[in-house]
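The values are calculated or read from the model by the stated rules, or taken from the named source; none is laboratory data. No experiment lies behind these values; they were computed from the predicted model shown. Glycine also receives a Cβ, built like all others from the backbone with ideal geometry; neighbour counts cover every protein chain displayed.
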């Protein structure tokens, strides 16, 4: 069964960045988000961080923290689980 947080993050990325030709379920969990197959750049990363902060009530405060969190879908899910109250996570 797919991880609900990972599934939500994939949909959120596609919606936020308006990736019209990308199917959320086909985004690999371990592929780099920046510079990987999605071809995201620093502006995309900034848009994504803003959306994640609103969606999950987290604060990604530095570029280093952002680089670690946005390394892949898997690392993003781990970061969110470590910094969000459990009741804000999808079930």
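The table that follows gives values for the structure above.
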read-out: Verdict on residue 91 being loosely packed, with under 11 Cβ neighbours inside 10 Å and within 22 Å of residue 2 (Cβ to Cβ); value: yes
read-out: Candidate set from region 41-67 (those that are free of Cβ contacts under 8 Å to residues at least 24 places away in the same chain and under 18 Å from residue 8 (Cα atoms)); member that is nearest to the chain's Cα centre (by Cα); value: 49
read-out: Residue that is farthest from residue 29 (Cα to Cα), among those in region 68-88 that are out of contact with any helix residue (DSSP H, G or I) (no Cβ under 6 Å at 6 or more places or on another chain) and free of Cβ contacts under 8 Å to residues at least 24 places away in the same chain; value: 87
read-out: Any hit, region 36-48, residues being at pLDDT below 90, touching a helix residue (DSSP H, G or I) at 6+ places or on another chain (Cβ under 8 Å) and not in a loop (DSSP other than H, G, I, E, B); value: no
read-out: Subset tally (residues that are farther than 13 Å from residue 77 by Cα and in a loop (DSSP other than H, G, I, E, B)) for region 1-27; value: 9
read-out: The one condition in (1) on the phi > 0 side of the Ramachandran plot; (2) surrounded by 15 or more Cβ atoms within 10 Å (Cβ to Cβ) that residue 57 fails to fulfil; value: (2)
read-out: Residue among 48, 19, 76, 33 that is touching a strand residue (DSSP E or B) at 6+ places or on another chain (Cβ under 6 Å), surrounded by 11 or more Cβ atoms within 10 Å (Cβ to Cβ) and under 16 Å from residue 7 (Cα atoms); value: 33
read-out: Conditions (1) at pLDDT below 95; (2) surrounded by 15 or more Cβ atoms within 10 Å (Cβ to Cβ): number failed by residue 67; value: (2)
